[in-house]
Amino acid sequence: QLQLVESGGGLVQPGGSLRLSCAASGNTLEYFAIGWFRQAPGKEREGISCINYSGKAEYADAVKGRFTISRNNANNTVDLQMNGLKPEDTAVYYCAAVYYWCSGYLPRGQVDYWGQGTHVTVSS
């Protein structure tokens, strides 16, 4: 079993930055690929980034060049550094885990574990 808890969300002005963290317990993240998803009000959940077990990362076009995903297996965490935030980045952000691999910027296959989400609001 793996439990995931996101943190770091909040209110930020356009152009600002936030750093989200996905902390795991119950198992080591070493063998998991971690994806970040978001769901804006009234919209479907979308994947935005994934980092596989070896550290290779990919990004959706909507966040490429602004967001950076990184993992720290010693701390059992995966972070999402978000810079240049825009109002359209407002959403609930979720991390998700699958074994080993991403498929592009999405976790490969059925997601095994989800976090509960953290709210990000970008507004002046």
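In table form, for the structure just shown:
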| item | result |
| --- | --- |
| Those residues of the range 107-124 which are within 21 Å of SER21 (Cβ to Cβ), open to solvent by 30 Å² or more (accessible area, probe 1.4 Å) and at pLDDT 95 or above, in sequence order | TYR113, TRP114, GLN116, HIS119, THR121 |
| Output for the range 1-18, where each listed residue is over 17 Å from the mean Cα position of the chain (by Cα) and assigned to a loop (DSSP other than H, G, I, E, B) | GLN1, GLN13, PRO14, GLY15, GLY16 |
| Hits in the range 75-106 - residues which are in contact (Cβ under 8 Å) with a residue 60 or more places away in the chain, buried (at least 20 other Cβ atoms within 10 Å of the Cβ) and not hydroxyl-bearing (Ser, Thr, Tyr) | ASP79, LEU80, MET82, LEU85, CYS95, ALA96, ALA97, VAL98, CYS102, LEU106 |
| Hits in the range 74-124 (condition: in contact with a Ser or Thr (Cβ under 7 Å, 6 or more places away or on another chain), more than 17 Å from GLY10 (Cβ to Cβ) and assigned to a loop (DSSP other than H, G, I, E, B)) | ASN76, TYR105 |
| Pick from the range 26-73, criterion β-branched (Val, Ile, Thr) and part of a strand (DSSP E or B), ranking: surrounded by the fewest Cβ atoms within 10 Å (Cβ to Cβ) | THR68 |
| Count of residues meeting criterion [closer than 15 Å to GLY117 by Cα and either of a type in the set (Lys, Arg) or under 16 Å from the mean Cα position of the chain (by Cα) (or both)] in the range 19-43 | 13 |
| Any hit, the range 5-12, residues being without any contact (Cβ under 8 Å) to a residue 40 or more places away in the chain and open to solvent by 50 Å² or more (accessible area, probe 1.4 Å) | no |
| Condition met for VAL92 (hydrophobic (A, V, I, L, M, F, W, C), closer than 16 Å to VAL5 by Cα and modelled with pLDDT under 95) | no |
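The values are calculated or read from the model by the stated rules, or taken from the named source; none is laboratory data. Bear in mind that the values here come from a model prediction, so they are computed numbers and not experimental data. Methodologically, a virtual Cβ is constructed for each residue, glycine included, from the backbone with ideal geometry; neighbour enumeration extends over all protein chains shown. In case anyone asks, the SASA skips ligands and DNA or RNA and just uses the protein heavy atoms, side chains included. Shrake-Rupley method; radii C 1.70, N 1.55, O 1.52, S 1.80 Å.
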